[in-house]
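Asks: Quick one: the structure is below, and I'll ask about it shortly.
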Amino acid sequence: EMTAAERGNSSVVYAMKVRRALADGNFRRYFYLASIGPHQTKHLCEIFEPRVRMLALVTLAKASLVLQPKQLQAELNFCDLQETMDFLTREGAVFNPDGKVDSKRSLLNFEKSSLLSKKVKAMG
């Protein structure tokens, strides 16, 4: 059990917000929190970012028939469209002729991703 002083600590409050965002599957909130984290938490979040992106991508693929790469760039916190396309290609996305991700045909590949394994490959 945490003391009142511990619960009031800004770093603890931040950590609890991150934990809640992940527990709720609120990936948009997670990526926002990761971008504003105190101290060196941005670097810690970078370690988990590929896995969180993959979890978000699986969720989005289950909810949509097709996914726009440009929209995924914003939703999954990629710097640019090329980085988004590299990630999607590496993870086995199946593209329609119009360049959109076919969610139904891609979902199985996404679910088999090594990023979703139980172990986090943090240090090489």
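All of the numbers you see were taken from the coordinates with simple rules; none came from a lab. This is a predicted model, so every value here is computed, not measured. All Cβ positions, glycine included, derive from the backbone under ideal geometry; neighbour counts span all protein chains shown.
Asks: With labels modelled as points extended 7 Å from the Cα through the Cβ direction, what inter-label distance (nm, one decimal) is found for Asp24 paired with Ala5?
Replies: Each label point is offset 7 Å from its Cα along the Cβ direction, giving 3.0 nm.
Asks: For the stretch 4-114, what is the number of Lys pairs with C-alpha distance below 20 angstrom, counting only pairs 8 or more positions apart or on separate chains?
Replies: Numbers: Lys17/Lys42; Lys62/Lys70; Lys62/Lys100; Lys62/Lys104; Lys62/Lys112; Lys70/Lys100; Lys70/Lys104; Lys104/Lys112.
Final tally of qualifying lysine pairs is 8.
Asks: Just need the Rg to Rh number for the stretch 4-114, please, alpha carbons only, Kirkwood Rh.
Replies: Values: Rg = 15.6 Å, Rh = 14.9 Å.
Ratio of gyration radius to Kirkwood radius for the stretch 4-114: 1.05.
Asks: How would Thr3, Thr41, Thr59, Thr84 line up from fewest to most surrounding beta-carbon atoms within 10 angstrom?
Replies: Details: Thr3 8, Thr41 16, Thr59 13, Thr84 22.
Neighbour counts put them in this order, fewest first: Thr3, Thr59, Thr41, Thr84.
Asks: Please give the contour-minus-distance gain from Gln82 to Val13: 0.36 nm per residue of separation, less the Cα-Cα distance, rounded to one decimal in nm. Mind dumping the intermediate values first?
Replies: Values: separation 69, 0.36 × 69 = 24.84 nm, distance 3.50 nm.
This chain segment gains 21.3 nm when fully extended.
Asks: Report the extension gain between Ser114 and Gln68 in nm, rounded to one decimal, defined as 0.36 nm multiplied by the number of residues separating them, less their alpha carbon distance. It would help to have the intermediate numbers written out before the result.
Replies: On the way: separation 46, 0.36 × 46 = 16.56 nm, distance 2.30 nm.
Using 0.36 nm per residue and subtracting the Cα-Cα distance, I get 14.3 nm.
Asks: Could you pull out every residue, at least 5 positions away or on a different chain, whose amide H is within less than 5 Å of the one on Val66? Hs are placed 1.01 Å off N in the peptide plane, and Pro or chain starts have none.
Replies: When sequence neighbours closer than 5 places are left aside, the close amide H contacts are Ser103.
Asks: For a footprinting-style exposure proxy, rank Asp86, Asp102, Asp80 by other Cβ within 10 Å, fewest first. Write down the numbers at each step before the final one.
Replies: Values: Asp86 12, Asp102 16, Asp80 9.
Exposure proxy ranking, most exposed first: Asp80, Asp86, Asp102.
Asks: Same structure again: Between Ser35 and Val94, what FRET efficiency comes out of the Förster formula 1/(1 + (r/R0)^6) with R0 = 41 Å and r the beta carbon distance, rounded to 0.05?
Replies: Details: r = 30 Å, r/R0 = 0.73.
For Val94 and Ser35, the calculated efficiency is 0.85.
Asks: Also: Just tell me, in residue order, which DSSP H segments of the chain are both 18 angstrom or longer along the helix axis (alpha-carbon based) and at least -1.0 in mean Kyte-Doolittle hydropathy.
Replies: Those that pass (Cα extent of 18 Å or more, hydropathy at least -1.0) are 10-24, 41-63.
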